[in-house]
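Student: Input: one structure, supplied below.
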Amino acid sequence: MLISVEEEVGARQPLRQYATTIPLFVIYYRTVLETNSQLLFERYIYIPPLNSSMLGGVEMGKVHKPFIVLFITAVLSLAIALPAPLITVRAANPSVTDSDNGVWSVGAMYINAYSSCQCSANDLQCCDDAASYILTLPGFRQGFLLADGAVTDLALIDKTYGGADDVYADSVDLLLFAGHGDVDNLYVCNSRFGCCVTPSMMRLGDKDLEWFIVDSCKALKSMYDDLINSPWIKAFKGLHAVAGFATTVPDVDATYVCIFSWCFRTGYACGLREKYFVNYFSSGETFATAWLKATKEALSYVGFEEPIISCVFGPWDDKTQSYGIYDAPYKGYLTNDVYSPVYFMGMCTTIG
Ligand SMILES: [Ca+2]
Ligand SMILES: [Ca+2]
Ligand SMILES: [Ca+2]
């Protein structure tokens, strides 16, 4: 069965922010034989392989022929003259609180200096800026900040694998990892398991974590390609959503200006995607919308040679009939923790 889901967008946005995401999803039903031989019916949200016609958001800045500019000018003039539409807010509930300890907290770990790490990788320059912006999240107290050589497998891996996530990754409500990555691998500085950490050794959310941003190349590619069999599924032990990229992503972001529908880059900057995310999330956008809009805005004009696929994945809560990726901490709506999810969904947008 095919259905389409249109992501809600807020009221009229400034022109340079109008690249809203309109992802389409395919719900995929399948029957699986579990190890206990009990036939179970499971429902997944399945994202098909890269197909811009299925996943494409609104393209920006591609139209600049004079007559089209005139038409858009006329439309904008009419729109400005009309009253602004009401902003849609999901399930407003100002009393919503953290389900774990009543205090919102944010933590970050970043690696710029890979040349001194166990991993051999080129140094990065923007990961510290990304961490700095995330730690400014209004209403969240700073939990921890790990930098460069301090970022090891212990910070991410669950205690059942000898890790210390209880005092790092799983000790805050929102976590950023900024550094190199690959398919199902986060490049930490030092690890007992090669130089990487794989999500199959993570158990996140059984202590505190709700939202995990992995600002690394390709770290979410397996969920994008095959959500059902991705090792990331094992990491969801109360975790509401993970955000990141299914493709390579550049270290830097870009600033730009638009003249009517013609937009062009004005420069490069570090950490803009996290800065925009903080703004969107703290103003009431859901986790997924905040990430997808922030990455679209920060990366659309970076001039990267390949399209960038930005994604958010999370479980479906059958009891509350809600998705964790629709969480918004400030204007209400926080789904329950789901410790053994069997239903997942994802939202992705192609940038560039
Ligand atoms: Ca844990
Ligand atoms: Ca929780
Ligand atoms: Ca929490």
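FYI, it's all coordinate maths here, none of it is from the lab. Everything numeric in this text was worked out from a predicted model, so none of it was measured. Virtual Cβ from ideal backbone geometry, glycine too; neighbours counted across all protein chains shown.
Student: Take SER216, SER115, SER310 and order them by how many other Cβ atoms sit within 10 Å, fewest up front.
Tutor: The most exposed by this proxy come first: SER115, SER216, SER310.
Student: Quote the FRET efficiency, to the nearest 0.05, computed for GLN125 versus SER283 with a Förster distance R0 of 25 Å and r equal to the Cβ-Cβ distance.
Tutor: E(calc), rounded to 0.05, equals 0.30.
Student: Give the share of C-alpha pairs in each 10 angstrom bin for the stretch 109-154, from 0 to the last occupied bin, in whole percents, shortest bins first.
Tutor: 26, 49, 21, 4
Student: Still on this model: Determine, for each peptide in 204-213, 123-132, the mean count of other beta carbons within 10 angstrom over its residues, then list the peptides with the highest first.
Tutor: Those peptides, ordered most packed to least, come out 204-213, 123-132.
Student: When the dipole is taken about the Cα centre of the stretch 208-304, and only Lys, Arg (+1) and Asp, Glu (-1) are charged at their Cβ, what size is it in debye, to the nearest 20?
Tutor: In debye, rounded to 20, the stretch 208-304 gives about 140.
Student: Same structure, new question: In the structure displayed, which of LYS159/LYS234; LYS275/LYS296; LYS237/LYS296 lie more than 20 Å apart, Cα to Cα?
Tutor: Distance filter (> 20 Å) returns LYS237/LYS296.
Student: Whose amide H sits under 5 Å from the amide H of VAL338, counting only residues 5 or more places off or on another chain, with H placed in the peptide plane?
Tutor: GLY238
Student: Can I ask one more? If one computes the Cα centroid of the stretch 328-343 and of the stretch 234-278, what distance in Å separates the two points?
Tutor: Cα centroid of the stretch 328-343 versus Cα centroid of the stretch 234-278: 23 Å apart.
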